[in-house]
Every structure is written in C-alpha cells, then in structure tokens.
Amino acid sequence: MNNPSSAPRVAVVTGAGSGIGREVTRQMLAEGYRVVLAGRREVQLKETGDNHPEALVVTCDVTRPDDVERLFEAARQRWGRVDVLFNNAGVFGPAAGVDEISLADWDATIAVNLTGSMLCAAAAVRAMKAQEPQGGRIINNGSISAHSPRPRTVAYTVTKHAMTGLTKSIELDGRAFGITCGQIDIGNTATDIMDTIGVGEGALQADGSRRVEPTFPVEDAARAVLMMATMPPTASVGSVVITAAGMPFIGRG
C-alpha cells in the first residue's frame, strides 16, 4: 500500500499503557497519526486509546518473538505500513549492585529493555524495508542512565548504555533503506517509574545521601518524542537529552 505524504502516518508505540508511552500515543493521535498501542495489559491500553478510531490495541510481550511479529503484522494488516516505531517498553529492574543482583533479575531486565527493543526494531526494519515507499523512523527510549548511572542500578544502566549502541547500529544499517534511528534520553519526568527510585523520600545519590529531585511533566517529554517523529525524512535526529530543570545530572556524583 502506498503512503502519500497526505496520508496519516502509522506509528507503533510499545509500553503504551502508561507513562511516557501513554502520553506519546495520545499526542500522536491528536496530531493525526494512526497508532498501534502495544503492551501486556489490554485494559490499560484501551484506556490510553479511549476508543479513538485510529487507535489499534495489540497485547504484546516484547520479550516474545512471536508476539512482536504478530504486533507488526497487525499494523500492516490494518494500515499497510509502519512509518514510526517508538521503542519505549522497559523496566527499571532491581535495586542492586553487580555483586548483589541475581541472575534471574539480570536476565529479566535485559530481556525487556534490550532484547525486547532489538526484537521490535528488527521487525520494524523488516517492515520498513519491504513497504513502498520504503523507509521509516525508529525512536529508542534511552535514559539519562545511558550517560551516567544512579547507584545500585547495574542492570538498568547496562541496558541503557547498550541501547545507545543499538540506536547507532540501526541508524547505520538502515541508511540505505531510508530508515533513521534516534534515541531520546529522558531524566525525571513525572511518571510512576519515578516512585521506584524513591524520589518522594529522596533519590539515592552517589555519596550515599538522599535528595528530593525535581521532575517535569510527562507531556513535555512526549512533545520531544513527537518532534523527533515528525521530522522530515531528509533529517535524522540522532540524540536528544531532556531533563527536569535543576536535575542533578550535569555534575552528578
């Protein structure tokens, strides 16, 4: 199916049932995108889509290759192509140092944050190569931890550093096919995941102290993702860092 420039663009958003994925989905729908909402919890996905006619809910566990293939096939069956993937599904993982984390917890974090992102990117690239016109854009949700870790976050930090390598490799390998890939690294947006690092009582700092850190609205983070998604094919946004003003990132530690 051809996708003239006047036709709505088709986006797949993983982790669309909450947080940044939910807000990105809603802003994309408001901007005229057709959006495939992916996640493990159907009820939450339906709440995100809110019966929008251009929202397609597909339950999907990104760690399962068959689920991922079914997700992208659903997008193609409904709308004929995939123009954008927001690779957003992820978990924070356990609070543990490298000498403390169990192998099971390590594997579970790697499976969602890294392998899941690779599987979704691979399926998206295959779709983008095969469609006419060829090409598309992948946006990987990294983290400030792709640059600088928090204490006791070894599994999460490793996955987010690895995400940077995945992003660059996709960008390079996709070049000949009109596929671009960029990464957005978001710091302290006000979502539920912030509760897991103890922002309410104070987030653990490198010196062992705790500090209440500023946050910023999830709507602003989503607008940055939408900016990346809506750039013309002639431009590639490789990296965006957006944090709460005053967050202890520059000079962390």
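Read the figures in this text as sums done on the coordinates, not as results from a lab. Quick caveat, the model's predicted, so the values are computed rather than measured. Cβ atoms come from the backbone with ideal geometry, glycine included; neighbour counts cover every protein chain shown.
Here are some notes:
- Each of Trp79, Trp106 has some number of other Cβ atoms within 10 Å of its Cβ, and from fewest to most they run Trp106, Trp79.
- Of all aspartates and glutamates in the structure, the ones whose alpha carbon falls short of 15 Å from that of Lys168, not counting any fewer than 8 places away in one chain, are Asp185.
- Structure-based [θ]222 nm, the chain - -39500 (n - 2.57) summed over DSSP H runs of at least 4, per residue, nearest 500: -11500 deg cm²/dmol
- Stretched out straight at 0.36 nm per residue, the stretch from Glu132 to Ala176 would grow longer than its current Cα-Cα span by 14.4 nm.
- Evaluated over the stretch 10-243, the Cα radius of gyration and Dmax, each in Å: 17.1, 55
- For the chain, the longest principal axis of the alpha carbon atoms and the long axis of helix 116-130 meet at an angle near 20°.
- Label point distance in nm, Ala104-Arg40, each placed 7 Å from Cα along Cα→Cβ: 1.4 nm
- Each Cα pair under 8 Å and six or more residues apart adds its separation to the average, and for the stretch 10-243 the resulting relative contact order is 19 percent.
- At full extension, Met227 and Arg64 could sit 55.7 nm farther apart than now, given 0.36 nm per residue minus the alpha carbon distance.
- Which of Asp105, Asp192, Asp61 has the fewest Cβ neighbours within 10 Å, and the rest in rising order: Asp192, Asp105, Asp61
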